[in-house]
There are 2 protein chains.
Amino acid sequence: MARRITISDVAKLAGVSHQTVSRVINNKPDVSPATRQRVLEVIKKTGYRPSGLARGLATSKTATIGMVVPDISNPFFSDIARGIETTAYERGYNVFLCNTNEEPERELEVLYSLEQKQVDGVILCGLRQKTPALLDALERFFAVVLVNRLLEEKTFPAVMIDNQTGAKEAVQHLLNLGRTNIGLLVGPAFSYSAKQRYQGYIEAMHNAGLPIQDGWIHNCIPTVEGGEQAARVLLEAHPEVNALFCYNDLVAVGAIQACHALQRKIPEDVAIIGFDDIYLAALVTPALTTCRVPLIEMGHHAMGLLLQQINEKHLGSRVITVTPQLIIRDSAPFAHELTP
Amino acid sequence: MARRITISDVAKLAGVSHQTVSRVINNKPDVSPATRQRVLEVIKKTGYRPSGLARGLATSKTATIGMVVPDISNPFFSDIARGIETTAYERGYNVFLCNTNEEPERELEVLYSLEQKQVDGVILCGLRQKTPALLDALERFFAVVLVNRLLEEKTFPAVMIDNQTGAKEAVQHLLNLGRTNIGLLVGPAFSYSAKQRYQGYIEAMHNAGLPIQDGWIHNCIPTVEGGEQAARVLLEAHPEVNALFCYNDLVAVGAIQACHALQRKIPEDVAIIGFDDIYLAALVTPALTTCRVPLIEMGHHAMGLLLQQINEKHLGSRVITVTPQLIIRDSAPFAHELTP
DNA sequence: TAGCGTCATGTGAGCGCTAACGGCAACGCT
DNA sequence: AGCGTTGCCGTTAGCGCTCACATGACGCTA
């Protein structure tokens, strides 16, 4: 492992100053073609690679952004990450992907870490905490974008999902299917998205002139297991329920499992709709009707907002909202597709 | 956005030299308790944060490692990432997770990028390329660990799966189930893992004194769609096949879909086994029998090997091999569980 | 011819940190 | 008393790059 080749080594070998080498590697115009060629040849021959650390220190820019997610295994976040990364790559930025493993206290640690690395900005997906320390930490970044979460205490540019409209349309689809006894597995009690999806459910039921049955609405952990348990409890207590709108696809898969266990046919006895359209939704049996959230597109938007902030500096509380699209599959088909 | 507080600012305010501040933040012993306290108070009051860039430049160490994966959405890789990250976190290292989006040429770009950032080492999962340029790039890193891939041209420490044993046991399970017409969806033609899983299939069939039927063996793209297509073609051409061993769980899910389309009952008509036990395997219907690869454990091993290399420097061609474990579910149950 | 502007290149300093070495005082041992 | 060791702290230089400014040569215009 030899000592690294530096800009000074290249300068000596090319017979120019270190500044000329810098001009060449940064594509500055004020270098003669002959000198440029000579320097490029030395660079190629020696395999010289600029140090990103030194460049970052000198320029206060690293062309790197941080992305923080609660769980990289969750397709919801990994699809957003893909969108962010594609846009970042196109614009010459690297993405430093940090996973907090669903441990909220690690969000602060990760932010400190990213600050030390002097990333040019951060994108936070599904923020779990909002302590004063965390808000302080966010303030120290030049550019910040939130995804799927707003903060009342401080506004940042954000990319949001129109959860209410998505939920309303999902419930409307169930109503179109002739179902009026519609249950709601609403996800975590204090979840931002859950509140909005609940509002969408309420709106659709009101629009149809139907009363809200508290017994048909259950909170649940947003996992397959959480969904299975809540659906089982709800359906056992309320066998009249003939449709379920679920907080997300994982919860919906759990509800499918509960129906199987209770010998309830899907969609004949209970129609089921999820939310997100993660890749799993099309692979389970029956294939899941769901609200597709354009996750990769959200990633593009988030990176776009961050770049604007980095380049223009004042974006205030700009919010981009994406609209879910209902994807009809077997778990809640169109009315005419349902065998009588 | 104020100018960042530096070590010199803290030194002035605390009335000491910058070197003393450095000693304090690095927990060096040769500072008096009174001086240390004074400095720590200034640090807390000013919110000073050391620059990781400057530290990296001065020490040639960044306490950061790179991890390269072909597709972060694939649970196989995201689970390995979790294992890597847990071990890295415990040892004070950050993980820079880089996704090549299944574009092999991006592997080289990502490696250049990681080199600029002067990461202390890299872990490469599922390497797709092995060009001379790529090998050169790998040589420039102080520490390198491969996951699920070896290179003939150059040895690096690696974490491997005992694909052959896993495959042999999966096929043995099918034989125990009384199936002798066992098909193999073998994955990509030039895949390292595919060759070993093929060998395991051959070994088990030979052990049972059964001839190898070439028509029962198909290559396929390692996706759900690839598996669905290959299974359909194979089962249509060879309706006598009553069991399928599949390259991985995604391919197996595809095979499940093909059986449904062909009105072949699982497992009564065709028993199916996958490989990996990604999270999806337990959620499809019927739940998938598969060889569970301890992915998180692989991540722990990979990071462990990398740390050894960073700290001790000469690990040669050390290879850790993990053994898959057969997980019996509905797609290929035990013989006594099969209804006659 | 003199002065000014442009082009190409070089010199010096600084970004923020750590390593290496030096200086000084206090203490203990011979 | 003299020497060596330890503890504490400070000064200097360097890591590898970029920015700012300076310099010399050349060409053009008044």
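Data for the structure
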| item | result |
| --- | --- |
| Packing rank of A:41-48, B:177-184, where each peptide gets the mean count of other beta carbons within 10 Å, highest leading | B:177-184, A:41-48 |
| Relative contact order for region A:191-302, counting Cα pairs under 8 Å that sit 6 or more residues apart, in percent | 20 |
| Cα pair count fraction exceeding 34 Å, expressed as % - chain B | 40 |
| Cα-centred dipole magnitude for chain B, charges only on beta-carbon of K, R (+1) and D, E (-1), debye, nearest 20 | 2100 |
| Length-normalised contact order for region B:52-141 - Cα pairs under 8 Å, 6+ apart - percent | 39 |
| Residue of A:GLU139, A:GLU297, A:GLU153 that the Gaussian network model of chain A assigns the largest fluctuation, springs spanning Cα pairs under 10 Å | A:GLU153 |
| Accessible surface of region A:88-187, 1.4 Å probe, proportion on carbon and sulfur as whole % | 45 |
| For A:VAL16, solvent-accessible area (1.4 Å; no DNA, RNA or ligand), Å² | 30 |
| Rel. contact order, % - alpha carbon contacts under 8 angstrom, at least six apart, chain A | 17 |
| Heavy-atom SASA rank of B:LEU40, A:LEU234, B:LEU262 (probe 1.4 Å, accessible area, largest first) | B:LEU40, B:LEU262, A:LEU234 |
| Neighbouring partner chain Cβ atoms per residue of B:116-128, average, 10 Å criterion | 2 |
| Exam field: B:LYS44 pseudo-label spacings to other copies (7 Å along Cα-Cβ), nanometres | 5.9 |
| Ordering of B:160-168, A:271-279, A:319-327, A:207-215 by packing [mean C-beta count within 10 Å, highest first] | A:271-279, B:160-168, A:319-327, A:207-215 |
| Shape category assigned to region A:7-50 from the gyration tensor of Cα positions, a/c cut at 1.5 | rounded |
| Chain A, helix-only ellipticity at 222 nm - DSSP H runs n ≥ 4, -39,500 (n - 2.57), divided by all residues, nearest 500 | -13500 deg cm²/dmol |
| Contour minus Cα-Cα distance for A:LEU150 and A:GLU105 (0.36 nm per residue) | 14.4 nm |
| Spatially proximal aspartates and glutamates relative to B:LYS168 (Cα-Cα < 17 Å; intrachain offsets below 8 disregarded) | B:GLU203, B:ASP249, B:ASP276, B:ASP277 |
| For B:50-60, mean number of other protein chain Cβ atoms within 10 Å | 6 |
| Loss of accessible area when B meets A, both sides summed, Å² nearest 100, probe 1.4 Å | 4700 |
| Size of charge dipole - region B:119-259 - debye, nearest 20, with Cβ of Lys, Arg +1 and Asp, Glu -1, no other charges | 80 |
| DSSP beta bridges in the protein assembly as shown [antiparallel fraction, %, rounded to 5] | 10 |
| Region B:129-170-region A:105-175 distance, computed between alpha-carbon centres (Å) | 37 |
| Descending principal axes extents, the protein assembly as shown, alpha-carbon based, whole Å | 81, 68, 56 |
| Heavy atoms of B:TYR89: accessible area, 1.4 Å probe, square angstrom to 10 | 90 |
| Dipole magnitude of region A:206-340, debye to nearest 20 (Cβ charges: Lys/Arg +1, Asp/Glu -1, about Cα centre) | 320 |
| Copy-to-copy label separations for A:ARG318, where each label sits 7 Å from Cα toward Cβ, in nm and ascending | 5.0 |
| Long pairs among A:LYS130/B:LYS28; A:LYS117/B:LYS12; A:LYS117/B:LYS28; A:LYS12/B:LYS12, criterion Cα-Cα beyond 30 Å | A:LYS130/B:LYS28; A:LYS12/B:LYS12 |
| FRET efficiency estimate (nearest 0.05) - Cβ-Cβ, A:LEU262 to A:PHE142, R0 35 angstrom | 0.05 |
| For chain A, share of DSSP beta bridges that run antiparallel, in % to the nearest 5 | 10 |
| Restricting region A:197-287 to trypsin sites (Lys or Arg not before Pro) in coil, as DSSP defines it, with at most 15 other Cβ within 10 Å | A:LYS265 |
| Sequence-distant aspartates and glutamates (8 or more away, or on other chains) whose Cα lies within less than 17 Å of B:LYS265 | B:GLU228, B:GLU236, B:GLU240, B:ASP330, B:GLU337 |
| For A:GLU152, label point 7 Å along C-beta direction: distances to other copies, nm | 6.5 |
| Average accessible area per residue (Å²) across the protein assembly as shown - probe 1.4 Å, nucleic acids and ligands excluded | 42 |
| For A:HIS260, solvent-accessible area (1.4 Å; no DNA, RNA or ligand), Å² | 90 |
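The values are calculated or read from the model by the stated rules, or taken from the named source; none is laboratory data. Everything numeric in this text was worked out from a predicted model, so none of it was measured. Quick reminder, even Gly has a Cβ in these numbers, built from the backbone with ideal geometry, and neighbours come from all protein chains shown. Accessible surface is based on the protein model in full, side chains and every heavy atom, while ligands, DNA and RNA are left aside. Shrake-Rupley method; radii C 1.70, N 1.55, O 1.52, S 1.80 Å.
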